[in-house]
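The numbers here are math on the coordinates, done by the rules we state, and not lab data. Bear in mind the structure is a predicted one, so any value in this text is a computation, not a measurement. Ideal geometry is used to build each Cβ from the backbone, glycine not excepted, and the neighbour counts take in all protein chains shown.
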Amino acid sequence: MALYDKIFKPKEYTLANGKKIEEKASRTPLVLLILLVASIVSIKVTGFNLTTLAKRGNQFWVILGKMFPPDPGYIPSIWGPLFDTIKMSIIGSLVGALIAIPVAMLASSNIIKNKVVIVVVRLLFSIARTLPTLVTALIATFIFGLGTTAGSVSIAIFTFAYVGKLLYEQIETVDMGPFEAMEAMGCTKVRAFIESVLPQVLPGYLSNSLYCFEGNVRYAAILGYVGAGGIGLILNSEIGWRNYSRVGMILIILFITVVIIEYLSYWLREKLS
Amino acid sequence: MKKEKKTKPSPWKPGMTIQEMYEARPKMWIVVTAVLVIMAFLIAWSSTAFKGTDGTEVDGWAVAKSIISGIFHPSTSLLFNFTTEGVPYLLLETLCIAFLGTLVGAVLAIPFAFLGATNVVPKPIALVFRTIVMAIRTIPAFVYGLMFIRVTGPGPFAGLLTMSVCSIGMISKMFIESIEDLDGRILESLDASGCTTFQKIRYGIVPQISADFASTLIYRFDMNLRDTTVLGLVGAGGIGAPLVFAMNCYKWDQAGAILVGLIILILIIEWFSNKLRNRLARGI
């Protein structure tokens, strides 16, 4: 940025009292230039082409059109996989969120004074967060076999990373007075953490976990694609058979479920705050 | 939306001992028991998910070991291969899909955002558009991927379009929030000083929302980068296809190379995006 200011000299104004102030040149042209270059490179690499889109865009609606009317006769066979999906998200979120508490404690700089532990644990969180859910699910299917176990594990890993990161950031902002007082009275670190820090972060933690759970229902719906159980499994196979009216029915049921869960979780989060 | 929080009056009266005060603490046991019962029920119900294997006996630990060794011994020939088959090019392609996907998604999200904001349109209309956005968000990415492959044929172009449609939901949700936070008084004062509509938009609205919008887009770009792996599964370009292919062939060193590249790229982008968003939040 210093170089940029050297090339484009800042404007100088002299105020009424003789003081000189500088207005730095606007950064907007630079930002626009970077965006433009990035767009051109991206268009080249991805083969983005508006004429194809205009010419063949109507093809997009073909599959969507075939989904209507949805096939209501298929509903009975949706319940099983749907409940599998919800179960996977519940147990995955629960396990992930619970494991996140002690590990997040190890990552908070105000509780643990050892720098090495903090860096290692935070790196663990970062790596777990960068791994896409679908990839962890695929790895989990190799380890635990096809089925809902693999899906639950991958959701737990994602929840662990997401909730854990938010939790240690929150722990670092708590009032440390009660913690110090309890340590001074002879409590161990863990005991003092449970009694003094946890009550302070609990509402935020629960709200984050619920929010994560909300998103997990959506993710869990995709996981079936790699064989990790749930509604994605039947979705994938019905797409394969080109039974689009059934696909439409699955999507509608999924939509209703997601709406219900989102409102439930929204209501609970409102109560918490 | 925000309601005033009701606080119970403190039970403290002059002359109370600590013991009496402690006895008068709020009794939460009904709520706590209810929550515990519900939790126990949910755990009992959902833990069956952990047994749902199809019975094929696989030696999980051997697989886990080979995955971990693959990640720690990535195939360097793939990692430093600068042709279109190598990891660097695949990462560039993924980056481009995520970038352009976010940009196109933002363009698509803006009308939804303005039509879903309660201070722009009447509440029922806003509700309708929010429901539409929610429906768009519910359809899994690979379904969109298949739809777009019909339009463009397999390849990164389809991935880009999928990414942009998948971004609409979250982007427009965040946009709606920043639009609803707009300070109307500024517009009124611009009105009073005789500004035209264009001037009102340029000096009244754009400065208020541009930082929020940029921050949302950077965050979404971050997320899109992570989600592009999904696209590879349906043949819509990006790094997902080679990754899944390598894994299905048990070539863990290749999968390791791709994963290492992906993790490093995502960490770098995340670091950048956090820095940029912090600057935006403080107002450069």
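Three semi-axes describe the equivalent ellipsoid of chain B; taken as square roots of 5 times the Cα gyration tensor eigenvalues and ordered largest first, they are 42, 35, 20 Å. Per the helix-only calculation at 222 nm, which mean residue ellipticity applies to chain B, given -39500 (n - 2.57) for every DSSP H run of n ≥ 4 and division by its residues, nearest 500 deg cm²/dmol? My calculation for chain B gives -23500 deg cm²/dmol from helical runs alone. Using C-alpha pairs under 8 Å with a sequence gap of at least 6, the mean separation divided by the residue count of chain B gives a relative contact order of 25 percent.
Extending 7 Å from the Cα toward the beta-carbon at both A:VAL119 and A:SER245 defines two label points whose distance is 6.3 nm. Of the DSSP H helices in chain B, those with a Cα length along their own long axis of 15 Å or more and a mean Kyte-Doolittle hydropathy reaching 0.0 comprise B:29-46, B:60-72, B:87-115, B:123-138, B:141-152, B:156-180, B:206-232, B:252-282.
Using alpha carbon centroids, what distance separates segment B:145-204 and segment A:25-72, in Å? When both Cα centres are located, 15 Å separates them. Shape analysis of chain A places it in the oblate category; the axes a ≥ b ≥ c from the Cα gyration tensor give an a/c of at least 1.5, with a/b not above b/c. At an R0 of 22 angstrom, the distance between the Cβ atoms of A:ARG56 and B:THR84 translates into a FRET efficiency of 0.30. For segment A:242-273 and segment B:208-278, what is the separation of their Cα centres, given in Å? Each part's Cα centre sits 26 Å from the other's.
Taking other Cβ within 10 Å of each residue's Cβ, how do A:TRP241, B:TRP252 sort, fewest first?
Ascending number of Cβ neighbours within 10 Å: A:TRP241, B:TRP252.
In terms of surrounding Cβ atoms within a 10 Å radius of their Cβ, B:MET170, B:MET39, A:MET249, A:MET88 rank from fewest to most as B:MET39, B:MET170, A:MET249, A:MET88. Shape annotation for the protein assembly as shown: C-alpha extents along the principal axes are 81, 77, 53 Å, from largest to smallest. Greater than 22 Å separation of Cα atoms is the criterion. Which listed pairs, A:LYS165/B:LYS65; A:LYS165/B:LYS27; A:LYS6/A:LYS44; B:LYS65/B:LYS251, meet it? With Cα atoms farther than 22 Å apart: A:LYS165/B:LYS65; A:LYS165/B:LYS27; A:LYS6/A:LYS44. Span-like helix check, chain A: qualifying full DSSP H segments, with Cα axial length of 18 Å or more and mean Kyte-Doolittle of -0.5 or more, are A:28-46, A:76-107, A:115-130, A:148-171, A:198-223, A:244-272. Using C-alpha pairs under 8 Å with a sequence gap of at least 6, the mean separation divided by the residue count of chain A gives a relative contact order of 24 percent.
For segment A:2-48, report the % of Cα-Cα distances exceeding 17 Å. Beyond 17 Å sits 55 percent of the P(r) for segment A:2-48.
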